[in-house]
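Heads up: the structure comes next, in structure tokens.
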Number of protein chains: 2
Amino acid sequence: LAPSPTDPPFERVAILGLGVMGGSLARALAGLDDPPHVLGWSPNASERDAALEAGAVAEAPAGWHEAVAAAELVVLAAPLRACCDLLAGVAAVTPAVTTLSDVASLKAPLARAAAEAGVSDRWVGCHPMAGSERSGFEASRRDLYHGARVWTVASPAASSRADRVHALWRSVGARPEAIDAGAHDTLMARASHLPQLASNALASVLARAGVAPEQLGPGGRDATRLAGSDAGLWRDLFEHAAPELAHGLYALAGAAERIARLLDEGDLDGLEELMRSTRAWRQS
Amino acid sequence: LAPSPTDPPFERVAILGLGVMGGSLARALAGLDDPPHVLGWSPNASERDAALEAGAVAEAPAGWHEAVAAAELVVLAAPLRACCDLLAGVAAVTPAVTTLSDVASLKAPLARAAAEAGVSDRWVGCHPMAGSERSGFEASRRDLYHGARVWTVASPAASSRADRVHALWRSVGARPEAIDAGAHDTLMARASHLPQLASNALASVLARAGVAPEQLGPGGRDATRLAGSDAGLWRDLFEHAAPELAHGLYALAGAAERIARLLDEGDLDGLEELMRSTRAWRQS
């Protein structure tokens with residue numbers, strides 16, 4: 001859907017955080033035919049310089065206050081806790097016309113922060129299902145969001161702002177879809193956080209068994225790719241993780257033990273049935 | 001290393017099995033500047049036709065006896081049990097000059113089959129660390145082996161044949177390396193079979209929790225990619241799996257449970273330490 005005349009594209013966008021997520025959004029916007037004026041900020045001066053040099057941002061002031069001053073849209077692209085803190089800070093110094101957004105991986109903590117700051121009517125939380133096990137601006141790329149699902153959370157009072165934010169994501173090739181904050185976080189506990197920790201669990205077993213990463217085939221490399229993710233970024237997420245995450249890990253432990261027992265018992269039919277069912281799921 | 005004058009390249013190669021592994025080898029050989037004459041055989045007539053049509057093989061006789069009749073090298077590219085059966089069959093009808101090889105994922109069962117058939121002195125077992133969760137000739141590709149490690153197992157009596165087989169793999173861009181059959185199978189239990197079943201375990205948990213594959217992000221998709229593998233191909237492997245595979249799955253169950261407990265207890269330091277250690281391993 002093209003933006004309607006009442007939903008003009010954002011002409012001035014501030015992105016706070018220039019790592020993989022913020023940097024990739026800046027790069028994608030810079031690549032548009034009619035790009036908005038993007039101001040980027042990072043606490044890290046070398047990242048600000050790199051973003052300027054790459055042409056990803058038009059300006060990169062040293063303080064975020066400057067970046068958000070006249071922005072129509074502010075996108076917070078920091079670790080979860082920093083996003084919550086920044087949301088309160090930015091809410092306090094920007095006028096009601098400024099739309100606030102973020103790309104944090106959990107939405108309920110941000111929805112609470114928006115409510116506490118009294119800006120639920122101008123907050124449109126986003127979570128793009130894209131990223132990298134690497135981090136920092138150097139790992140950002142222009143096409144990161146191409147084809148990616150972007151979950152969005154907004155109160156009814158912010159619905160026309162949500163339309164404009166959806167249009168922005170569509171302009172960079174992403175597929176925005178509205179969801180409830182709680183439903184989102186439950187889904188993520190299973191679809192995102194569980195695969196992450198499953199990969200860590202597998203990697204820890206391989207490491208203890210003395211297997212070197214270079215001894216893995218392509219399948220083993222894929223299965224452990226997430227084990228290379230940045231611990232610092234995930235720490236905050238785990239603090240707010242839905243109980244479904246721990247439940248999922250206990251279920252994974254049960255599944256691994258059942259499979260071990262099938263092997264011990266030489267139950268090849270049971271193993272084949274398991275593989276057939278997961279293959280059917282994977283291809284569904 | 002270029003083949004020495006005493007190790008001329010194989011000029012007539014028979015490949016029995018035209019799925020991902022055999023089909024990809026045929027395609028790669030067909031793409032060489034000075035390709036050998038390749039005869040391909042599959043029990044599946046449509047696969048033989050497809051390989052002929054793709055120019056991957058020069059001939060595709062309906063029976064494998066015809067394919068191996070004058071071959072200098074016979075490569076078995078079938079599921080494990082079929083490879084063992086074929087090895088005995090091919091050994092019985094080919095002369096001592098014919099080198100026998102295979103690309104099965106376990107090497108001890110093939111080494112036993114070679115010894116029982118009395119052809120240990122002309123068998124060079126191979127296991128390329130490459131493949132696909134898809135199967136059949138349609139999933140084969142010319143560059144599958146490019147850059148891939150290929151483990152090779154051969155008795156001292158077959159060492160000059162092993163040199164020629166190494167040269168063949170190098171010609172298609174692979175990296176052959178000799179290994180002992182037992183050491184290979186133990187390593188594979190951990191580096192290949194364990195990630196496979198860990199992926200099945202994770203997929204089974206996600207399926208039961210009602211997560212659809214399309215709801216996964218790129219990380220979750222990678223972590224469950226192997227869960228789409230063909231059950232039939234793996235069944236034989238699990239019959240011969242080293243005990244290290246079941247041990248690894250019990251260890252995975254323990255690791256998953258420990259992580260669940262860290263979450264339950266809100267032990268963010270413990271979670272961060274785990275992630276830091278697996279990241280260090282992954283990047284080592």
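The values are calculated or read from the model by the stated rules, or taken from the named source; none is laboratory data. Since the model is a prediction, treat every value here as computed from it, not as a measurement. Reconstructed Cβ throughout: ideal geometry from the backbone, glycine too, with neighbour counts over all protein chains shown.
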Only one of (1) out of contact with any Cys (no Cβ under 9 Å at 6 or more places or on another chain); (2) under 21 Å from A:F10 (Cα atoms); (3) not in a helix (DSSP H, G or I) fails for A:G210. Which number is that? (2)
If a residue must be outside any loop (DSSP other than H, G, I, E, B), more than 7 Å from chain A (Cβ to nearest Cβ) and crowded, with 16+ Cβ neighbours inside 10 Å, how many such residues does segment B:228-253 contain? 5
Which of the residues spanning segment B:200-215 are closer than 14 Å to A:A223 by Cα and of a type in the set (A, V, I, L, M, F, W, C)? B:A201, B:L202, B:A203
B:D185 is checked against (1) in a loop (DSSP other than H, G, I, E, B); (2) in contact with a Lys or Arg (Cβ under 9 Å, 6 or more places away or on another chain) and fails just one. What number does that condition carry? (1)
Residues to consider are B:L144, B:L168; find the one that is more than 8 Å from chain A (Cβ to nearest Cβ), within 21 Å of the chain's Cα centre (by Cα), crowded, with 22+ Cβ neighbours inside 10 Å and not in a helix (DSSP H, G or I). B:L144
Looking at (1) at pLDDT below 95; (2) closer than 17 Å to A:G40 by Cβ; (3) in a helix (DSSP H, G or I), which one does A:A67 not meet, given that it meets all the others? (1)
Applying the selection to segment B:92-128, what residues are in a loop (DSSP other than H, G, I, E, B), out of contact with any Leu (no Cβ under 8 Å at 6 or more places or on another chain) and among the hydrophobic types (A, V, I, L, M, F, W, C)? B:A96, B:V97
Just need a number here: residues in segment A:109-141 that are surrounded by 20 or more Cβ atoms within 10 Å (Cβ to Cβ), of a type in the set (G, A, S) and within 14 Å of chain B (Cβ to nearest Cβ). 3
Enumeration of residues in segment B:267-284 that are facing another protein chain (nearest Cβ under 7 Å) and not in a helix (DSSP H, G or I): B:S284
Single match in B:R235, B:R170 (criterion: modelled with pLDDT of 95 or more and among the basic types (K, R)): B:R170
Does segment A:110-129 contain any residue that is at pLDDT below 95 and not basic (K, R)? yes
Go through (1) assigned to a loop (DSSP other than H, G, I, E, B); (2) out of contact with any strand residue (DSSP E or B) (no Cβ under 9 Å at 6 or more places or on another chain) one by one and return the number of the condition A:G89 breaks. (1)
Breaking point among (1) closer than 30 Å to A:D85 by Cα; (2) modelled with pLDDT under 95, for A:L216: (1)
Evaluate segment B:88-105: report whether one residue or more is closer than 16 Å to B:A77 by Cβ, β-branched (V, I, T) and in contact with a Ser or Thr (Cβ under 9 Å, 6 or more places away or on another chain). yes
Considering only segment A:218-225, I want to know if a residue exists there that is facing chain B (nearest Cβ under 9 Å), under 30 Å from A:G55 (Cβ atoms) and out of contact with any strand residue (DSSP E or B) (no Cβ under 8 Å at 6 or more places or on another chain). yes
Can you go through A:S199, A:S192, A:S204 and tell me which one is at the interface with chain B (Cβ under 7 Å from one of its Cβ atoms), surrounded by 21 or more Cβ atoms within 10 Å (Cβ to Cβ), farther than 26 Å from B:E244 by Cβ and among the hydroxyl-bearing types (S, T, Y)? A:S192
Residue in segment A:11-26 that is farthest from A:V165 (Cα to Cα), counting only those that are buried (at least 24 other Cβ atoms within 10 Å of the Cβ) and of a type outside the set (A, V, I, L, M): A:G19
Quick one: how many residues across segment A:55-72 are surrounded by fewer than 24 Cβ atoms within 10 Å (Cβ to Cβ) and either of a type in the set (S, T, N, Q) or in contact (Cβ under 8 Å) with a residue 60 or more places away in the chain (or both)? 1
